[in-house]
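Heads up: the structure comes next, in structure tokens.
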Amino acid sequence: MSCRVVVLLSGRGSNFQAIAAAKLPVEIVAVVSNRPQAAGLAWARERGFATVALDHTEYADRAAFDARLAHEIESHRPDLVVLAGYMRILSPAFIDRFEGRLLNIHPSLLPMFPGLKTHERALAEGVKVHGCTVHFVTADLDHGPIVIQAAVPVRADDTPDTLAARVLAQEHRIYPQAIRWFAEGRLEIRHGRVNLKGDPTSQSVLTTER
Ligand code: GRF
């Protein structure tokens with residue numbers, strides 16, 4: 001039986017496109033967006049994925065919206081919920097409901113630079129290595145158990161945009177990989193850490209680019 005995946009996105013959806021292109025042993029049963037105009041949702045619709053637009057501005061508060069969102073997601077009976085550029089904080093009740101089957105990608109080497117504007121902040125700090133992280137979502141924002149990370153060197157002439165582009169290329173590698181592992185039943189969370197059954201060394205990706 002294949003792994004049923006619901007994807008949540010708010011924007012352009014390049015991570016979703018990478019996941020869809022990766023020929024994973026999963027069935028993407030729905031793509032849901034809190035922004036009806038999201039480019040990623042249009043892309044999904046054009047390719048025949050089941051899409052759902054739920055406009056968060058039409059709900060009284062976060063709890064009401066998240067309750068509706070959770071109900072919608074559950075109706076697709078997912079084994080895994082994938083946040084692919086979903087730009088809204090999730091309420092504790094939502095996270096509780098999906099904990100252990102909720103993945104996110106974040107554009108930094110967590111626990112460095114949680115939150116927004118990660119590339120600007122990395123450059124401002126002068127770090128020499130930056131990257132991205134796929135992690136399970138917990139109530140602690142951007143701090144859940146880490147599945148895989150990829151690191152890229154920071155160049156002296158990097159701007160937030162050039163750095164973001166190189167990190168994004170790595171996001172497109174590691175997110176499909178993380179989902180594949182989940183679908184294969186290889187991810188085990190123990191004491192807040194992810195154990196990859198089989199080959200733990202493949203949880204870090206070091207790019208060779210200069
Ligand atoms: C990515 O940088 C991801 O790490 C962050 O939001 C961005 C989404 O980009 N969570 P896209 O919509 O997948 O192109």
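The values are calculated or read from the model by the stated rules, or taken from the named source; none is laboratory data. In this text the structure is predicted, and so the values were computed from the model without any measurement. A quick note on method: Cβ atoms are made from the backbone with ideal geometry, for glycine too, and the neighbour counts reach across all protein chains shown. Ligands, DNA and RNA are stripped out before the accessible areas are found, and what is left, the full protein with its side chains, is counted by its heavy atoms. Shrake-Rupley method; radii C 1.70, N 1.55, O 1.52, S 1.80 Å.
Before moving on, here are some points about what is shown:
- Taking residues in the stretch 80-92 that are charged (D, E, K, R), and partners anywhere that are in a loop (DSSP other than H, G, I, E, B), the pairs with Cβ atoms closer than 7 Å and at least 6 places apart or on different chains are 88/10; 88/34.
- Matching residues in the stretch 96-121 - criterion: being more than 10 Å from the ligand (Cβ to nearest atom), in contact with a Leu (Cβ under 7 Å, 6 or more places away or on another chain) and over 21 Å from residue 194 (Cβ atoms): none
- Only one of the numbered conditions (1) away from the ligand (no atom under 15 Å from the Cβ); (2) outside any helix (DSSP H, G or I) is violated by residue 93, and that is (2).
- In the set (1) touching a residue at least 40 places away in the same chain (Cβ under 8 Å); (2) over 20 Å from residue 183 (Cβ atoms); (3) open to solvent by 10 Å² or more (accessible area, probe 1.4 Å), residue 53 fails one condition alone, (1).
- Qualifying positions in the stretch 8-41 - of a type in the set (A, V, I, L, M) and within 13 Å of the ligand (Cβ to nearest atom): 8, 9, 18, 19, 20, 21, 31, 38, 39, 41
- Of the candidates 79, 96, the single residue that is in contact with a Cys (Cβ under 7 Å, 6 or more places away or on another chain) and among the acidic types (Asp, Glu) is 79.
- Residues of the stretch 139-161 that are at pLDDT 95 or above and not β-branched (Val, Ile, Thr): 144, 145, 149, 150, 151, 153, 155, 156, 157, 158, 160, 161.
- Residue identified as outside the structural domain of residue 78 (by TED's automatic domain parsing) and either part of a helix (DSSP H, G or I) or crowded, with 21+ Cβ neighbours inside 10 Å (or both) among 163, 110: 163
- Residue in the stretch 55-64 that is of a type outside the set (Gly, Ala, Ser), more than 16 Å from the ligand (Cβ to nearest atom) and touching a strand residue (DSSP E or B) at 6+ places or on another chain (Cβ under 7 Å) present: no
- Residue 2 vs. criteria modelled with pLDDT under 95 and at negative phi: yes
- Count - residues of the stretch 33-50 that are open to solvent by less than 20 Å² (accessible area, probe 1.4 Å) and closer than 14 Å to residue 17 by Cα: 4
- Where a residue in the stretch 1-24 is outside the structural domain of residue 54 (by TED's automatic domain parsing) and free of Cβ contacts under 8 Å to residues at least 40 places away in the same chain and its partner, wherever it lies, is more than 10 Å from the ligand (Cβ to nearest atom) and in a loop (DSSP other than H, G, I, E, B), with Cβ under 8 Å and at least six apart: none
For (1) farther than 16 Å from residue 178 by Cα; (2) not small (Gly, Ala, Ser), each residue gets a yes or a no:
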site: 7; (1), (2): no, yes
site: 29; (1), (2): yes, yes
site: 39; (1), (2): yes, no
site: 70; (1), (2): yes, no
site: 73; (1), (2): yes, yes
site: 86; (1), (2): yes, yes
site: 90; (1), (2): yes, yes
site: 94; (1), (2): yes, yes
site: 100; (1), (2): no, no
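- Condition check for residue 136: touching a helix residue (DSSP H, G or I) at 6+ places or on another chain (Cβ under 9 Å) and at pLDDT 95 or above: no
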